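The structure appears below as structure tokens.
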Amino acid sequence: MTTEAQVCPICNGTGWAPVLTGEPSTADTALQGVRRCDCMLDTRIQRLLKSAHIPRRYEHCSFESYTFTSKTYPGTESQKHAKEFARKFAEEYPLVDVGLLFIGSCGIGKTHLAVSILRSLILNKGIECRFYDFRELLKEIQNSYNPISQSSEMAILEPVLSVDVLLLDDLGAIKPSLWVQDTVAYILNARYNDKRTTLLTTNFLDTGPQGPAPEEDMRRSKRDRAANNYPVEESLTDRIGVRMRSRLFEMCKAIGLDGDDFRQFGKQAHHRF
């Protein structure tokens, strides 16, 4: 026994809903034209959500769930500012000049905000977006060099380069070999030249209160830490190179976040980063 597939009662499965003039179900009703039926819009949104490849851990992320109601984790001013800036960015897209680079330590909500932008653009504007973990993307590209691989490097890179909005999560997580730097350079340069919007997150600090820290300040900071026997932490420049750091800050606005690692609080609050 087969079950007949449900057909939209508005468009009868055509995808086009009638636009009528006059009162419905009266002699004065006339067909003025057609419009895309809501059933087709819902189907497109579901397709975009699926193709965005947002990990299950972040499927819930939204601006509404990025809240600070727990006394144990009230949030910082930088986190609240970053949330408002991310929301404004999503509202104004595509009338934006640059992408966003969320910078800060682990567990303070960088990925949550970046994914919130993706989901808002998909749900509210039908924009094609894509999530990539930096490490996993590089691994996919490297695996494509295997002779028995079913995919080529360009097949993997094509959606990375062409998607309207790309989120590259955890930039710099892989040690900066020459191949890594060249790959990052290729991706960022291609998207920059095509004027495509790129969102990024990174745990490697590289900004001061007024924006990108001068190179001399960073060198001085490293010398001071070494002189006091503190570990010398790598910067974003160390991980992607001076040239790509310059390009990155040209194509993205840096949003710095600070605060405690929310993950150490376990499930003491209702939101997750």
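Each reported figure results from applying straightforward, stated rules to the coordinates on display, with no laboratory input. Only a predicted model underlies this, so the values are computations on that prediction, with no experimental measurement involved. Here the Cβ is made from the backbone with ideal geometry for all residues, glycine too, and neighbour counts use every protein chain on show.
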Original post:
Order of 242, 96, 163 from fewest to most other C-beta atoms within 10 Å?
Top reply: 242, 96, 163
Original post:
Once amide H atoms are built 1.01 Å from N in the peptide plane, which residues 5 or more positions from residue 200, or in another chain, come under 5 Å H to H?
Top reply: 100, 101, 102, 168
Original post:
Quick one: which of 88/139; 83/195; 83/139; 80/139; 88/195 span more than 28 angstrom between C-alpha atoms?
Top reply: 88/139; 83/139; 80/139
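What translational diffusion coefficient, in µm²/s and rounded to a whole number, does the Stokes-Einstein relation yield for segment 57-113 at 20 °C and a viscosity of 1.002 mPa s, taking the hydrodynamic radius as the Kirkwood radius over Cα pairs?
On the way: Rh = 12.5 Å.
Estimated diffusion coefficient is 172 µm²/s.
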**OP:** Arrange 179, 16 by Cβ neighbour counts within 10 Å, fewest through most, would you?
**Re:** 179, 16
Subject >> Neighbour-count ranking [beta-carbon atoms within 10 angstrom, fewest first] of 125, 110 >> reply: 125, 110
